[in-house]
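Here's the structure, in structure tokens; my notes come after.
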Amino acid sequence: MSNYQELLSPVTINSWNLRNKVVMAPLTRGFANDKDGKVTEAMIAYYERRAKHGVGLIITEGINPAPEGKGTYGVPGLYTSEQTDSWKRVTEAVHKHGGTIIAQLWHVGRLSHPLLIHTTPLAPSEIGANGYVHKVRQPFQVPKAMSQKEISNTINYFRLSAQNAVKAGFDGIEIHAAHGYLIDQFINEKTNVRMDQYGGNLNHRMNFLREIINAVKEVIDSDRISIRFSEIKDDDSSYRWKNKSKTIDAFIELFEETGISILHASTNHFDEIIEETQTFHQLIRNKWNRTLIGVGSLNFQNAETAIKENLIDLAAFGRPFIANPDLVQKASSNQPIIEYEALKHLNMLY
């Protein structure tokens, strides 16, 4: 008998009947056709293997909702009919094995580069990031502050991509509003110095996310939408919210206002204390009694404990799934997992 009975037991989350509480976290792999953003045969097999081996919920790698959203080479898209058709083969393969899969919509904003998108990256304000573009190995450039028209166009692209996700057979979507990417750049006071309805106080800085959620809800039910959000930023490791409680309150109010019921709260280390005696997920659970996905270097044991204690409802695993397509089966049979090694596992879709 498995040591992880709670983790492996089935659960119903809104319209999703999941065979267990194990989630494959979104993992940028870079194996899509770089020219047209279409899914490749290797990607279809990659997702199918994990569905065949029993994962409860798959959240795809970040998918470009718009041409300007691309953050590195080999990222798939969901804004053309050809891209949409290519994703149908993934969802069909996952569903064939009884799996559930949602599409993560990911726009990187200022963390792109003209070499990737053939234009100046977009952002809330003309403030460049520090560091280098992933795989491009070129420094981030000063982005273009988005006009109202560009903001509206981007929101429309999110709506289109969500609509295409439905056409492609996805069971839902996740909006990536975390880690310092475009939506998070609007929320962050360091990257957003606008003085219009998208800038200023925290509530105004959340308007971009608010409008994206409302646009997406026109084409997919709110109970099939997950929102990923975080305090941490990929391009600014020192950043922390000035007032964690106030910021979390603002997020919760927005999610309740827009009818969102699934949160994917992202952090690097699930057990890390970030304020007084509490972790990121504890701070959120204090204020949120709907579905909460936990993530952050989880292992089977602390995931099992967190679910038993009602700290989280689902447990997302990232790197372990890169090295172990049969991760759920190993949890079921108490087998050791293969340890993830970047040099060994990143250069192929195992």
query = If only one of 28, 100 is of a type in the set (Val, Ile, Thr), in contact (Cβ under 8 Å) with a residue 24 or more places away in the chain, over 30 Å from residue 131 (Cβ atoms) and in contact with a strand residue (DSSP E or B) (Cβ under 6 Å, 6 or more places away or on another chain), which one is it?
reply = 100
task = Output the residue which, of all residues in the stretch 331-350 that are of a type outside the set (S, T, N, Q) and more than 22 Å from residue 61 (Cβ to Cβ), is surrounded by the most Cβ atoms within 10 Å (Cβ to Cβ).
result = 331
message = Tally up the residues in the stretch 128-183 that are over 21 Å from residue 16 (Cα atoms) and not in a strand (DSSP E or B), please.
response = 35
task = Consider only pairs whose beta carbons are under 8 Å apart and that are at least six residues apart or on different chains; among these, list those whose first residue lies in the stretch 199-210 and is over 16 Å from residue 248 (Cβ atoms) and whose second residue is among the small types (Gly, Ala, Ser) and outside any helix (DSSP H, G or I).
result = 199/125
message = Give me the helices (runs of 4 or more DSSP H) completely within the stretch 17-122, filtered to those with at least 1 residues that are farther than 23 Å from residue 179 by Cα, ordered by residue number.
response = 41-52, 81-96
message = Name the single residue that is nearest to residue 134 (Cα to Cα) among those in the stretch 53-73 being buried (at least 24 other Cβ atoms within 10 Å of the Cβ) and more than 16 Å from the chain's Cα centre (by Cα).
response = 68
query = Yes or no: residue 273 among the hydrophobic types (A, V, I, L, M, F, W, C) and touching a residue at least 24 places away in the same chain (Cβ under 8 Å)?
reply = no
ask   = Hey, residue 295 hits all of (1) closer than 14 Å to residue 23 by Cα; (2) out of contact with any strand residue (DSSP E or B) (no Cβ under 9 Å at 6 or more places or on another chain); (3) of a type in the set (Val, Ile, Thr) but one; which does it fall short on?
value = (2)
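Any read-out appearing in this document is the output of simple, stated calculations on the displayed coordinates, not a laboratory observation. Keep in mind it's a predicted model, so treat the numbers as computed, not measured. Because the Cβ atoms are built from the backbone with ideal geometry, glycine has one as well, and the counts that use them run over all protein chains shown.
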